[in-house]
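Below you will find the structure I want to go over with you.
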Amino acid sequence: MSTLKVNNIQDASGSNPSTAAQLNKGRAKAWVNFNGQSSGTNKTIRASYNVDSVTDIAVGRYTINFTSGALADANYTFSGSFCNDNSTATTNTVVQGDGTYSTTELDIRVVNSSNNTIDKFIVCVVVHGN
């Protein structure tokens, strides 16, 4: 495999320069789209990047297990979204941190406006950091 080493990257017009370090800091380090209502302990992953598995802890509570080496440290941020099925949006529901926050895993919970944990058909989480 070849390695391309450059100091700066620009678009075709010579604008919008970025360094490799800036691109590395700004890109998603991990993301996952999974079925929070699928049966069993391991949730069905539809698509992912740097996520090995998603484990069901309890209703609306999940552990996202990262690929080894995906994150340099636990100083990252995450955000999430979800919906009931392929056509129904959900309002007043949030994805929150819920326990472990490390380079190997992230515990989350999906809660409604009454702060009750709930399983959702589509749960998506993206992680940015080092």
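In the stretch 29-45, how many residues are exposed (fewer than 12 other Cβ atoms within 10 Å of the Cβ) and closer than 23 Å to residue 102 by Cα? Talk me through it step by step, then tell me what you get.
We begin by selecting, within the stretch 29-45, every residue exposed (fewer than 12 other Cβ atoms within 10 Å of the Cβ); these are 39-41.
Still in the list and also closer than 23 Å to residue 102 by Cα: 41.
Qualifying residue count, the stretch 29-45: 1.
Could you grab me the full set of residues in the stretch 81-93 that are modelled with pLDDT under 80 and either small (Gly, Ala, Ser) or exposed (fewer than 14 other Cβ atoms within 10 Å of the Cβ) (or both)?
Residues satisfying the conditions are 85, 86, 87, 88, 89, 91, 92.
Yes/no matrix, rows are residues, columns are (1) over 13 Å from residue 123 (Cβ atoms); (2) touching a strand residue (DSSP E or B) at 6+ places or on another chain (Cβ under 7 Å); (3) open to solvent by 40 Å² or more (accessible area, probe 1.4 Å); (4) not aromatic (Phe, Trp, Tyr):
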| residue | (1), (2), (3), (4) |
| --- | --- |
| 1 | yes, no, yes, yes |
| 7 | yes, yes, yes, yes |
| 11 | yes, no, yes, yes |
| 18 | yes, yes, no, yes |
| 54 | no, yes, no, yes |
| 61 | no, yes, yes, yes |
| 73 | yes, no, yes, yes |
| 77 | yes, yes, yes, yes |
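Go through (1) surrounded by fewer than 16 Cβ atoms within 10 Å (Cβ to Cβ); (2) closer than 30 Å to residue 4 by Cα; (3) at pLDDT 95 or above; (4) not hydrophobic (A, V, I, L, M, F, W, C) and name the single condition residue 69 misses.
In the conditions (1) surrounded by fewer than 16 Cβ atoms within 10 Å (Cβ to Cβ); (2) closer than 30 Å to residue 4 by Cα; (3) at pLDDT 95 or above; (4) not hydrophobic (A, V, I, L, M, F, W, C), residue 69 misses (3) alone.
Follow-up. Only residues that are among the polar types (S, T, N, Q) and under 24 Å from residue 78 (Cβ atoms): list them for the stretch 1-36, please.
If the condition is that a residue be among the polar types (S, T, N, Q) and under 24 Å from residue 78 (Cβ atoms), then 18, 22, 24, 33, 35 are the ones that fit.
A follow-up question, please. Within the stretch 104-118, track down each residue that is open to solvent by 50 Å² or more (accessible area, probe 1.4 Å) and assigned to a loop (DSSP other than H, G, I, E, B). Quick ask: steps written out before the conclusion?
To start, the set of residues in the stretch 104-118 that are open to solvent by 50 Å² or more (accessible area, probe 1.4 Å) comprises 104-105, 109, 113-116.
Selection gives 104, 113, 114, 115, 116.
Please state which of the following conditions residue 37 fails to meet, knowing it meets all the rest: (1) without any contact (Cβ under 8 Å) to a residue 60 or more places away in the chain; (2) in contact with an Asp or Glu (Cβ under 9 Å, 6 or more places away or on another chain).
Looking at each condition in turn, residue 37 falls short on (1).
Here are the criteria: (1) open to solvent by less than 60 Å² (accessible area, probe 1.4 Å); (2) out of contact with any Lys or Arg (no Cβ under 8 Å at 6 or more places or on another chain); (3) not charged (D, E, K, R). Tell me which single one residue 23 does not satisfy.
(1)
Specify the residue that is farthest from the chain's Cα centre (by Cα); the eligible residues are those in the stretch 111-130 that are among the aliphatic types (A, V, I, L, M) and closer than 30 Å to residue 24 by Cβ. Let's see the steps before the verdict.
In the first step, residues of the stretch 111-130 are kept if they are among the aliphatic types (A, V, I, L, M); the result is 111, 118, 122-123, 125-127.
Now drop any that are not closer than 30 Å to residue 24 by Cβ, which leaves 122-123, 125-127.
Numbers: 122: 13, 123: 9, 125: 3, 126: 3, 127: 5 Å.
Filtering first and then ranking leaves 122.
The values are calculated or read from the model by the stated rules, or taken from the named source; none is laboratory data. Quick caveat: nothing in here was measured; it's all calculated off a predicted structure. Please note: Cβ atoms are built from the backbone with ideal geometry, for glycine as well, and neighbour counts cover all protein chains shown. The protein model used for the area step is the full one, side chains on, heavy atoms only, and it has no ligands, DNA or RNA in it. Shrake-Rupley method; radii C 1.70, N 1.55, O 1.52, S 1.80 Å.
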